[in-house]
Amino acid sequence: MNGQDVPYSSISGVVIMAAKDEPVLYVAEPFWRDGWSDLGHGFVEWWQAGSELLFPPCCAFCDADFVPAAGEPHLCPSCLSRILRPLGSLCQRCAMQLPEVAGEPVCSGCQQSRLRFDQVLPLGFYRDDLRQVVLQMKAWRGEPLAAAIGKLMVERLDPRPVDVTPDLVVPMPMHWQRHMSRGTNSPASLAWSMHLASDLPSPVSLLSYRRNIKKQGMLSSAERLRNVRGAFRVSTSYAIKGARVLLVDDVLTTGATASEAARELKKAGAASVVVAVVARAIGRP
Ligand SMILES: [Zn+2]
Ligand SMILES: [Zn+2]
């Protein structure tokens, strides 16, 4: 059902509207339609709706007493200063740190290989406090921290120089077997928090795994690309022709998984895919 040019509503309740002169408007499916991958979303909504009653006002990372200003993330000034460090000069494609005198807009890796996303926007690098943030988000009861970090990402991610204002926020999917073994889905929690903070639609079942993949951690860059090739599916319940997609994940290492997801989204019609991550790994494995 891609490429619709008139409003319609489908039998599943998904409504997708596209005016003649506008690329597409999107309305996400209700969060409960997506089964396992939405358990995190339900928790975030519940947590945000009842946070003042159910949780003492405290920092979501260090647990120190802290009352945030209205709409601000639950992160105390001390944690914010340790999380938000200057990033220096970054590769315009993959956000790898560039040497001070590089002169080139992209790193040597991106000059040789073709990553299919347009840009990576990291909050910081996978080290020190931000590494702890990612590990804590992935752990049991990590959703409140993911919610705070998602809100922070909406506030702080700088889209320049590509300057692609997204049309929708899409979480990097997690295979249901991994979700069951881990118990949390931090990309989904991040994307849902970003959706709430930005009002951008977040069609959580747009992108999913067609099959499970081997863990990428022990694989070389070439093996990672082979491992994820063809692993994703884009739902035909959404018309994404011309859409500028913000793909959300917790960590980006080689970019192989995000690149394959971007390839699939673009094959389905996405105009651009920018990857927002909490932490960019330092160096290539
Ligand atoms: Zn704190
Ligand atoms: Zn690069």
Residue pairs qualifying under the 6 Å Cβ cut-off, at least six apart or on distinct chains, with the first in the range 143-164 being over 21 Å from S81 (Cα atoms) and the second being of a type in the set (A, V, I, L, M) and modelled with pLDDT of 80 or more, are V164/V274
Do we find that P105 is assigned to a loop (DSSP other than H, G, I, E, B), within 16 Å of ligand 2 (Cβ to nearest atom), more than 22 Å from the chain's Cα centre (by Cα) and under 20 Å from V275 (Cβ atoms) in this structure?
yes
Only unsatisfied item for R141, checking (1) within 22 Å of the chain's Cα centre (by Cα); (2) at pLDDT below 90; (3) within 16 Å of ligand 2 (Cβ to nearest atom), is (3)
Among S208, S202, S272, S193, the single one that is surrounded by fewer than 23 Cβ atoms within 10 Å (Cβ to Cβ) and out of contact with any Asp or Glu (no Cβ under 7 Å at 6 or more places or on another chain) is S208
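Return the only residue of P57, P77 being at pLDDT 90 or above, within 16 Å of ligand 1 (Cβ to nearest atom) and over 26 Å from T253 (Cα atoms).
P77
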Of (1) at pLDDT 95 or above; (2) within 23 Å of N185 (Cα to Cα), E45 satisfies every one except (1)
With criteria (1) part of a loop (DSSP other than H, G, I, E, B); (2) in contact with a Pro (Cβ under 7 Å, 6 or more places away or on another chain), W140 comes up short on (2)
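Only one residue in L98, L135, L157 is over 19 Å from S259 (Cα atoms), within 16 Å of ligand 2 (Cβ to nearest atom) and either aromatic (F, W, Y) or surrounded by fewer than 20 Cβ atoms within 10 Å (Cβ to Cβ) (or both), so which one is that? Spell out how you get there, then give the answer.
Details: L135 fails: within 16 Å of ligand 2 (Cβ to nearest atom); L157 fails: within 16 Å of ligand 2 (Cβ to nearest atom).
L98 is the lone residue from the list that is over 19 Å from S259 (Cα atoms), within 16 Å of ligand 2 (Cβ to nearest atom) and either aromatic (F, W, Y) or surrounded by fewer than 20 Cβ atoms within 10 Å (Cβ to Cβ) (or both).
Can you tell me which residue in the range 116-132 is surrounded by the fewest Cβ atoms within 10 Å (Cβ to Cβ), limited to those that are over 17 Å from E155 (Cα atoms) and in contact with a strand residue (DSSP E or B) (Cβ under 9 Å, 6 or more places away or on another chain)?
Going through the range 116-132, the residues over 17 Å from E155 (Cα atoms) turn out to be 116-119, 125-129, 131-132.
Filter once more, keeping what is in contact with a strand residue (DSSP E or B) (Cβ under 9 Å, 6 or more places away or on another chain): 116-119, 125-127, 131.
Values: R116: 16, F117: 23, D118: 19, Q119: 22, F125: 19, Y126: 21, R127: 13, R131: 17.
Top of the filtered list is R127.
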Given the conditions (1) among the hydroxyl-bearing types (S, T, Y); (2) within 26 Å of L87 (Cβ to Cβ); (3) under 14 Å from the mean Cα position of the chain (by Cα), every one holds for S208 apart from (2)
**Prompt:** Quick check: anything in the range 100-112 touching a residue at least 12 places away in the same chain (Cβ under 8 Å) and in contact with a strand residue (DSSP E or B) (Cβ under 8 Å, 6 or more places away or on another chain)?
**Reply:** no
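Based on what the data block shows, is C110 assigned to a helix (DSSP H, G or I), modelled with pLDDT of 90 or more, crowded, with 16+ Cβ neighbours inside 10 Å and within 12 Å of ligand 1 (Cβ to nearest atom)? Walk me through it before giving the result.
Details: assigned to a helix (DSSP H, G or I): yes; modelled with pLDDT of 90 or more: yes; crowded, with 16+ Cβ neighbours inside 10 Å: yes; within 12 Å of ligand 1 (Cβ to nearest atom): no.
In short, no.
Restricting the search to the range 113-133, which residues are aliphatic (A, V, I, L, M) and more than 16 Å from ligand 1 (Cβ to nearest atom)?
In the first step, residues of the range 113-133 are kept if they are aliphatic (A, V, I, L, M); the result is 115, 120-121, 123, 130, 133.
The answer is L115, V120, L121.
Only one of R233, R226 is in a helix (DSSP H, G or I) and either more than 28 Å from V154 (Cα to Cα) or of a type in the set (D, E, K, R) (or both); which?
Numbers: R233 fails: in a helix (DSSP H, G or I).
Result of the check over R233, R226: R226.
The values are calculated or read from the model by the stated rules, or taken from the named source; none is laboratory data. Everything quoted here is computed from the prediction, not taken from an experiment. Glycine gets a Cβ as well: all are built from the backbone with ideal geometry, and neighbour counts include every protein chain shown.
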